[in-house]
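Colleague: Here you go, one structure.
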There are 2 protein chains.
Amino acid sequence: NHKPQIDNYADRGMTLEADLNQSNRYYLEREIAVIHKKPTPIQIVKVDYHKRSAAVIKEAYFNRASTTDYNGIYKGRYIDFDAKETKSQTAFPLSNFHEHQIEHLRKCVKLGGICFALIKFVRTNEIFLFKATDLFQFWDAQHNGGRKSIPKLTIQELGYNIKYRLQPLIPYLDAVDQIMD
Amino acid sequence: NHKPQIDNYADRGMTLEADLNQSNRYYLEREIAVIHKKPTPIQIVKVDYHKRSAAVIKEAYFNRASTTDYNGIYKGRYIDFDAKETKSQTAFPLSNFHEHQIEHLRKCVKLGGICFALIKFVRTNEIFLFKATDLFQFWDAQHNGGRKSIPKLTIQELGYNIKYRLQPLIPYLDAVDQIMD
Ligand SMILES: [Mg+2]
Ligand SMILES: [Mg+2]
């Protein structure tokens, strides 16, 4: 009953999304938090209904999401975040976010939600929780001549490093505890 | 600039979902609440990627939702609910809910969420907010020889009637205010 090394997880090539789903299942089963990834928004155009089998969607299109991917409840608080991966080793490109996602996060923050980004540097397998309020600073600055990315050094400084674990794989609620008021 | 009668709305034949979407947009624009309907969960099997146009989903199936349809934040609190319509004039059939939705609501209540059902009696165009904790009573009782539906009289007694309005069409957060601690 040995514990695999952190490197083993990196080798598996699992995506951030799959790792988060596993982590959210862990939190859900233990009634620590109820946090789900939202389904991909689809516009359905044509459906075949068969008598003897399940309905088959024959024509549909991807819609742009109007929110972030993850939300739910933890310790009585509303949680809202998005998870983003970057191959860059030096900075997180702000182009990973869309304006409407930032606007969504702004509204949730105003209403008292705990909002953040989970940023993964895939080359080094490092994950950081980065507060939405810090993200807004960089987002707004880029429109005023600021840079189009957040330096990794800044993320290391302002963010919260989340180390891979066995259960849950990404114990991001430990970092959430640190940003809760 | 006259206000249409309540009956006008009934005549439009709009569904509960469409009315709630309008109401949620109203609340969102005024930064009163951020509450969205989750997309329908779909399992995508085949996608055609065209160079010149949008990707087309050619084969996909409906997945069973593991949560309720609506969640979000209001006054700093996590909100979670489902919206259900019934053609019955005398009772709300519990078969409108699935076990996994009830389990989801139970977990959210435990963690401090504001959870409920919005129940619409379509024949009379009446909508009630019915607390999840009241719903659990009837849900559990049905497995112990209790009835398979909640009498409308009970819903009128324990629930909160929501009257159609112009903006928002379904001012359900007024009822939420009443069940907030
Ligand atoms: Mg995403
Ligand atoms: Mg529903």
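Colleague: Once the label point is set 7 Å along the Cα-to-beta-carbon vector, what list of distances in nm do you get between A:GLN156 and its counterparts in the other copies?
Modeller: Listed shortest first, these distances are 6.8 nm.
Colleague: Another one. Which pairs in the list A:LYS107/B:LYS152; B:LYS46/B:LYS75; A:LYS46/B:LYS120; B:LYS51/B:LYS84; A:LYS38/B:LYS131; A:LYS148/B:LYS51 are over 32 Å apart, alpha-carbon to alpha-carbon?
Modeller: Exceeds cut-off: A:LYS107/B:LYS152; B:LYS46/B:LYS75; B:LYS51/B:LYS84.
Colleague: Add +1 for every Lys or Arg and -1 for every Asp or Glu among the other residues with Cβ under 11 Å from the Cβ of B:LYS58, and state the total.
Modeller: 0
Colleague: Let me ask something else about it. Kindly give the distances from A:GLU99 to its copy-mates, label point to label point, with each label point 7 Å from Cα along Cα→Cβ, as nm values to one decimal ordered shortest first.
Modeller: Spacings between copies for this position, smallest first, are 4.8 nm.
Colleague: Ok, one more. Over the stretch A:53-130, what is the mean sequence separation of C-alpha contacts under 8 Å (at least six apart), divided by residue count, expressed as relative contact order in percent?
Modeller: 31 percent
Colleague: Output, in nm with one decimal and in ascending order, the distances from the B:GLY145 label point to the matching label points of the other copies (7 Å from Cα along Cα-to-Cβ).
Modeller: For B:GLY145, the inter-copy label distances come out at 8.0 nm.
Colleague: Also, quick follow-up: Keeping all protein chains in place, calculate the accessible area per residue for the stretch B:62-126 (probe 1.4 angstrom), answer in Å².
Modeller: 38 Å²
Colleague: Across chain A, what fraction of all alpha-carbon pairs, as a whole percent, falls in each successive 5 Å bin from zero upward?
Modeller: The percentages, shortest bin first, are 1, 7, 15, 18, 18, 15, 10, 7, 5, 3, 1, 0, 0.
Colleague: Give me the distance between the Cα centres of the stretch A:37-104 and the stretch B:116-169, rounded to whole Å.
Modeller: Value for the Cα centre distance between the two parts: 31 Å.
Colleague: Turning to a different aspect of this structure: Enumerate the whole-percent occupancy of each 10 Å bin, from 0 to the last occupied one, for all C-alpha pair distances of the protein assembly as shown.
Modeller: 5, 21, 29, 26, 14, 5, 0, 0
Colleague: Using alpha-carbon pairs under 8 Å, 6+ residues apart, how would you state the relative contact order of chain A in percent?
Modeller: Relative contact order comes out at 20 percent.
Colleague: Sticking with this structure for a sec: Determine the share of the stretch A:45-141's accessible area contributed by carbon and sulfur atoms, expressed in whole percent, with a 1.4 angstrom probe.
Modeller: Carbon and sulfur: 47 percent of the exposed surface of the stretch A:45-141.
Colleague: Can you pull the accessible area of A:GLU85 for me, 1.4 Å probe, Å² to the nearest 10?
Modeller: About 80 Å², rounded to the nearest 10.
Colleague: Under the rule of -39500 (n - 2.57) per DSSP H run of 4 or more residues, summed and divided by the residues of chain B, what mean residue ellipticity at 222 nm is obtained, to the nearest 500 deg cm²/dmol?
Modeller: Working: 6 runs with 59 residues, N = 181.
Rounded to the nearest 500, the figure is -9500 deg cm²/dmol.
The values are calculated or read from the model by the stated rules, or taken from the named source; none is laboratory data. Predicted model, so just to flag it, every value in this text is computed and none were measured. Neighbour counts run over all protein chains shown; Cβ positions are idealised from the backbone, glycine included. The area values use the complete protein model at the heavy-atom level, side chains included, leaving out ligands, DNA and RNA. Shrake-Rupley method; radii C 1.70, N 1.55, O 1.52, S 1.80 Å.
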